[in-house]
Amino acid sequence: MALRIRLQRHGSKNQPTYRMVVAEQQSRRDGKFVEILGYYNPKACGNEPEYKLDIERVDYWTGVGAQLSDTAKALVKRAKKAAANA
């Protein structure tokens, strides 16, 4: 069972939001998942946060062997950088 941390699309047409989830590599993009790790809203405006991630759980799952998708890796890197600066 190969696990992958990736984004799952939600929201409406032209207004996407994404959940960052741990899922089996072979499952569908919006299919079954093991755990929700956070969310990402690329069209956030005003005081809305663009993303919120549980970094501790991401580190746990990567330690267990889950692979990050390219987009998830970029978001985690950005979140860790923001947490270090705060």
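Within the stretch 6-31, restricting attention to residues that are in contact (Cβ under 8 Å) with a residue 40 or more places away in the chain and touching a strand residue (DSSP E or B) at 6+ places or on another chain (Cβ under 6 Å), which residue is surrounded by the fewest Cβ atoms within 10 Å (Cβ to Cβ)? I'd like the intermediate steps shown before the answer.
Restricting attention to the stretch 6-31, the residues satisfying the condition of being in contact (Cβ under 8 Å) with a residue 40 or more places away in the chain are 6-7, 20, 22, 25.
Within this subset, residues satisfying the condition of being touching a strand residue (DSSP E or B) at 6+ places or on another chain (Cβ under 6 Å) are 7, 20, 22, 25.
On the way: Leu7: 20, Met20: 28, Val22: 21, Gln25: 12.
The residue in question is Gln25.
Could you run through the stretch 10-43 and say how many residues are part of a strand (DSSP E or B) and not β-branched (Val, Ile, Thr)?
Start the filter on the stretch 10-43 by keeping residues that are part of a strand (DSSP E or B), which leaves 10-12, 15-24, 35-40.
Then drop every residue that is not not β-branched (Val, Ile, Thr), which leaves 10-12, 15-16, 18-20, 23-24, 35, 37-40.
Of the residues in that region, 15 qualify.
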- Message: Condition check: touching an Asp or Glu at 6+ places or on another chain (Cβ under 8 Å), surrounded by fewer than 17 Cβ atoms within 10 Å (Cβ to Cβ), of a type in the set (Gly, Ala, Ser) and at negative phi. Does Ala44 satisfy that?
- Response: yes
- Item | Matching residues in the stretch 67-86 - criterion: being assigned to a loop (DSSP other than H, G, I, E, B) and within 22 Å of Ala2 (Cβ to Cβ) | Ser69
- the stretch 67-81, subset touching a Lys or Arg at 6+ places or on another chain (Cβ under 9 Å) and hydrophobic (A, V, I, L, M, F, W, C), residue surrounded by the most Cβ atoms within 10 Å (Cβ to Cβ): Ala72
- Message: Among the residues of the stretch 56-66, are any touching a Leu at 6+ places or on another chain (Cβ under 9 Å), surrounded by 15 or more Cβ atoms within 10 Å (Cβ to Cβ) and either at pLDDT below 95 or in a loop (DSSP other than H, G, I, E, B) (or both)?
- Response: yes
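Return the total of residues in the stretch 1-35 being among the small types (Gly, Ala, Ser) and on the phi > 0 side of the Ramachandran plot.
The first filter runs over the stretch 1-35 and keeps only residues among the small types (Gly, Ala, Ser), leaving 2, 11-12, 23, 27, 31.
Restricting the remaining residues to those that are on the phi > 0 side of the Ramachandran plot gives 11.
Residues in the stretch 1-35 being among the small types (Gly, Ala, Ser) and on the phi > 0 side of the Ramachandran plot: 1 in total.
The values are calculated or read from the model by the stated rules, or taken from the named source; none is laboratory data. Note that the structure is a prediction, hence the values are computed from the model and not measured. Glycine also receives a Cβ, built like all others from the backbone with ideal geometry; neighbour counts cover every protein chain displayed.
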